[in-house]
Structures are given as structure tokens and as C-alpha cells.
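Below is one structure, written out as C-alpha cells; comments come after it.
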Amino acid sequence: MPQPLKRIAAAADAALHAVESAIVVAGISLMTALIFAETALGFLKVYLPWAHELAMYAMAVVTLAGADIAVRTGGHVRIEIFTRPLRGKAKRAVSILASILCAAACAGGLKMGFDFVRSMRTFGERSPALNLPLWTVYAALPVAAAFMTVRFLINACVESKAEAAGETPGLTDETGESRS
Amino acid sequence: MSITAAAVISSLLLILGAPLFLVIGAFSSLCMLGEGYPLAMMAQQMFSITEKEALLAIPFFVTAATLMTKGESAGRIMDFINSLIDWLPGGLALASIASCIFFAALSGLSPTAIIAVGALACPALVRSRYPERFSIGLLTSAGSLGILVPPSIVVIIFGIMGEVNIQHLFLAALTPILIIAAMFSAFSVALSIRLRIARNPFSPKRVLDSLRKGVLALLSTGIIAGIYLGWFSVTQASALIAAYALAIELLAYRKVRLRHLPELFRRSATVTGMILVIISVAMSFNWFLTVQGVPFRVSGFITDHVSSPIAFLALVNLFLLALGCIMDILSAIFITVPLLLPAAVAMGIDPVHFGIVFIVNFEIGYLTPPIGINLFTSSAVFRRSLLDVAGSVLPFLGLLLAALVLVTYFPSLSLWTLNGI
């Protein structure tokens, strides 16, 4: 692959990683604090419906950012019965084709998410407890789809370390820890 | 776009190894377009995860497990379990079973138990004169039992996808998990007696010492017990345990430092994201299936052609055992539960009982080639060929199949714990 393209891919990867990391760290901290406070205060008969609502929205945002990170680490659940026996160039060719098709699917998700957010903005629907404009929450969908599109394109351009080592994507994450 | 074209495109994605959420998402969106639904419906259904309170338990349990396994808590709880059990006949094998179940339950991931426990326990078992084949088979199989024990993410996801009460599922899983653990234990004890394997001496001092060191970590299991006792909902328990794990690891054990948290949270978010994103697209797919009347037609077809619940459960077991050979449990839940569960209910089968049967089938699926994930993990951890590992789990597969028959045809084994609820 040409060096400039590699540098662009590395810069895009670093930028996305910084944004995703900030989102998930803030999101998980917020969710834990909110639900812990809600549960603890619940024993004193003090109820915080806004805290629950905010935690659920934070969960949706963390989910989308986490799913994006999982694209980077090859961690997503997938059926590998057909690709596992492949080796070398054949494996890489299939991986590139899959990444391009996945990028196309995510681009479709971006269009779907964008249309959805636009329609929600037109309706002006608001959340029950926080009175937030709901389109601001739903905007996470097209943003995450855009991130994933870029991530799959990066995967198509740059062979991951796991792939180069002949490991199966999804079996190990960036820390080398297995998952089912 | 016809449903055939949608099936062809999504099958291509599936064969190429695309993430399952994209395969389901592509199929679902193309079918919706084909039937004239706006794609905004799909986006709306995906966001219905913000209305399912139980889903919050997943990020919390994953975060708690990440903190406890990377910190000191998990190791200290395991030390306590070992000190209590390993003096019994077959004690080291029994302690390995208990540790595998504990680790798999804590992390929600069966292979984690093999990595965490296996690397230490396998050499210890072999040193104590247990055959290597038995030791590898035991450690590979025991990890799969954790998926029935709270806070199993598999049970939570089954409950959400099938709209079955999660606390009831956990309660119903109690007896089956004890039966399977007892079968594994009896086999291990019999082998240790036959091979005249020496026993460790019981040391009250060691028990007290490990209790003293692990008491804070052990208190976290009290929060899990609160789910059984009805003190907390699954979501509340998960948030409490995450906050508690954070507090004891940062303030008491101090192996985890503030600077480690971003990396640990990122790891939790990755696991959370990969699970919840499939749930969100699966929800939109289920919505599409429901408005098309597919579950109703499938259950109608089954009730027309299968005469009794016994025959139905036999067919379901055969189907799920075959499916477990080629598909992991999460994928299977997302794809088959919306179709099979309504049929089971139409046959008069309790959905909680069906859930337990479903999950026990996939405990077996962890151990069956070609994609039994525990086989691959063990093969890597113990540096043995896949064939060797697959051979080593055969006796345990036999025990699991026997347990499956018991759990399937004696629903009261699962359901008696729900009496009075």
C-alpha cells in the first residue's frame, strides 16, 4: 500500500480511537454513578427518573462507541466456519472484500441514521424526564455509522496485527484476552 | 428488493465472516425495503434498547468482571474456594471445577475461565497424578457451566430476547447447575479414588487466612445473592457490584490505579458494544418478523406437525445441538429464540424451562467441533492439538448430555425453585 495512504489511515485511526475512548470512559463512569445513586436513594424512597433516563441514553452511546472499538480490534461476533480454514493471500483477499462490503453496509446505516435524525428533528419529540430533544440522542447512530465506515475502510487498507499473525479475528482482542 | 435477494446478500456477508450485527442488519433493512417499510422504522427499533432496563446490567457486570479479574478480588475469592475444597477426595479437581464456574460466571465468558484457571490448575492437577487428558477435559468443560450462574450475560440476553423474567431464569438455573456440577464432581472423585491420588491436609489456618484476605471481595457475592433473595433487580445488583468492585480495587486492594481505569473501561465498552449492538439490530429484525406474522406461522406449522411437547423438545434438542456445532450461543439466541420460543409456549412448555434447556444445549456447543470456542481456547492454552482436546472432553460431553436429558424431561428440576413466586 502507498505510504501516504498508510499515514492517512494511521492518523484517522488515532483520531477515532481518542474520540471513542473519551466517550466510553465518560459514558461508563456516568452510568455507574447514576444507577448507583438511583439504587441507593431508592432505599430512602427518593426516586430519580431523570437519572435512569440519562443512564439509558449513555448506554446507547457507549454501545455504539464500543461497537466501533470492536471493529478496530476485530472483536465482533461472527460466523467463522467458512473463513477459518483460509490462509495467506486468500485469507487477506476475503478479509479485504468483507471489509469493503461492511463499509458499504455501514454507509447505508449512515444514510438511514441521518434520515431518521432529520425526521425526529422535524417532529420535535422530546424525552419524558429530561425534556431533551430526542434527535440529539439519536444522532449517535449516524455518527457511529460514519465512524464504522471509516474503520472498515482502514481495515481494508491495513492488515491488522492479529490477521498478520494468522489469528482469527474475534477470538482475541487488543489485549490478547479471549472472548466467546 | 425481494427477500431472496436480501437473503443472498446477507448470506454473502455471513460467509465472508462479516460481523453478525451487520449480517442481521443488512438482511433486516433489505427485507423492510422490499416490503415497503421506511428504514426509519429500523432505526427507531434499534433505539428501543433505551427502553429495556435489564440491558443496563450488561455493561455493569462486564465492568465489574473486568475490574475484579484485573485487580485482586477474583484471585482472593478463588484462594478461599480452594482452601475450603481442595482437602476433599478429588479436592484439587473439585476446586478447579468451582474456580472455572466462578470465573466464567464472573466474566460472562466461558473461555476466560480456561485462560485464568487452566494455566495454573492444569500443571497442578498433572503434578497430583491426575491424567493429563482428564485434566484438560475437565478444565475445558467446567468453564461452560458458568453461563447458567449469575451474573451470566447469556441468561440476561435470553431473558431480553424472549421477554422472559431474568430473575426467574436465574432461580430456575440453580438445580440444573448443581446437577451438572455434581456429575462432574462425582466423576472426578471416583477417578481420584481409583488412582489413589493423595489428598491435601485440611488447614483451618489456611481457610481463615484466605477468608481474612478475601473478605471484602467475598462480600460482592452477597450482592449476587440479593438477586436470588429478591432484594435487588438484576440491574440494581449489577450497578452496585460495579461500584463496589471499583471501590475495593481502588481503595482497599490498590492493584488497580486511577490511571488503569480508561483502559479497563475501554475493554468493558468493547464487550458491551459487541453484545448490545447485535441486540439492537436483532430487535429491529424481531419487530419485522412480528409484523410479518412469522413467529405465529412458524409456531402454527410446528404445532400442526409435532404431536407432543416431548417430541417437540427432542427435536429442539437435536436442532440446537447441531446448531451449537456451527454457531456460538449469542448468535443462536438472536436468530432462533424469536422463532422457537413462541412455538414452545404454544406447545404448553414453560418459557423459563425452555430457556434453561436452550442454554444447557449451548453449554454442550462450547465443546463440540468445528467451532466449539472452548476447544480452540484450550488448544491454545494447553498447547495440544484440537483433536486431542476434543477427545479429552468426551466423558464430560457424555455427562452434559445426560444432564440435558434430565433437565429437558423433568421440568420440575428447573421450575420448583419458582414455587411460591
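The values are calculated or read from the model by the stated rules, or taken from the named source; none is laboratory data. All of these numbers come straight from a predicted model, not from anything done at the bench. Don't worry about glycine lacking a Cβ; one is built from the backbone with ideal geometry, like all the others, and counts go over all protein chains shown. For accessibility, only protein heavy atoms count, side chains too; no ligands or nucleic acids. Shrake-Rupley method; radii C 1.70, N 1.55, O 1.52, S 1.80 Å.
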1/(1 + (r/R0)^6) with r = Cβ-Cβ of A:TRP50 and A:ALA11, R0 = 56 Å, i.e. FRET efficiency to nearest 0.05, evaluates to 0.90
For the range B:1-54, averaging the sequence separation of alpha carbon pairs under 8 Å that lie six or more residues apart and dividing by its residue count, the contact order in percent is 35
Among B:LEU148, B:SER385, B:VAL337, the residue whose Cα sits farthest towards the positive end of the charge dipole of the protein assembly as shown, when +1 is placed on the Cβ of each Lys and Arg and -1 on the Cβ of each Asp and Glu, is B:SER385
Summing -39500 (n - 2.57) over every DSSP H run of at least 4 in the protein assembly as shown, dividing by its residue total and rounding to the nearest 500, the 222 nm mean residue ellipticity is -24500 deg cm²/dmol
Carbon plus sulfur, as percent of the 1.4 Å-probe accessible area of the range B:134-190, comes to 71
Quick calc, the range A:1-113, dipole around Cα centre from Cβ unit charges on Lys, Arg (+) and Asp, Glu (-), nearest 20 debye, gives 780
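I'd like to verify something in chain A: which complete DSSP H helices, judged by Cα projection on the helix axis, reach 30 Å or more and average at least -0.5 on the Kyte-Doolittle scale?
Helix filter hits for chain A: A:3-42, A:49-73, A:88-123.
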For the protein assembly as shown, the dipole about the Cα centre with charges only on Cβ (Lys and Arg +1, Asp and Glu -1), to the nearest 20 debye, works out at 1600
Taking protein heavy atoms only, a 1.4 Å probe, and rounding to whole percent, the accessible area of the range A:2-90 owed to carbon and sulfur comes out at 75
In degrees rounded to 10, the 0-90 angle between helix B:132-142 Cα long axis and the longest Cα principal axis of chain B is 50
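Residues with beta-carbon under 13 Å from that of B:SER378, excluding B:SER378: net charge, scoring Lys, Arg +1 and Asp, Glu -1?
+1
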Ordering B:127-136, B:158-167, B:189-198 by per-residue average of other C-beta atoms within 10 angstrom, highest first, gives B:158-167, B:127-136, B:189-198
On complex formation of A with B, accessible surface lost, both sides summed, probe 1.4 Å, nearest 100 Å², amounts to 5500
Too long for a 24 Å Cα-Cα cut-off, among A:LYS91/A:LYS111; B:LYS70/B:LYS213; A:LYS6/A:LYS89; B:LYS70/B:LYS205, are A:LYS91/A:LYS111; B:LYS70/B:LYS205
Evaluated at 10 °C and 1.306 mPa s, the Stokes-Einstein D of the range A:1-91 based on the Kirkwood radius over Cα pairs, in µm²/s, stands at 97
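Restricting to Cα pairs below 8 Å that are 6+ residues apart, what does the relative contact order work out to for the range B:1-97? Please round to a whole percent.
Rounded, it is 16 percent for the range B:1-97.
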Interchain or sequence-distant (5+) residues whose placed amide H lies within less than 5 Å of the amide H of A:ARG126 are A:LEU134
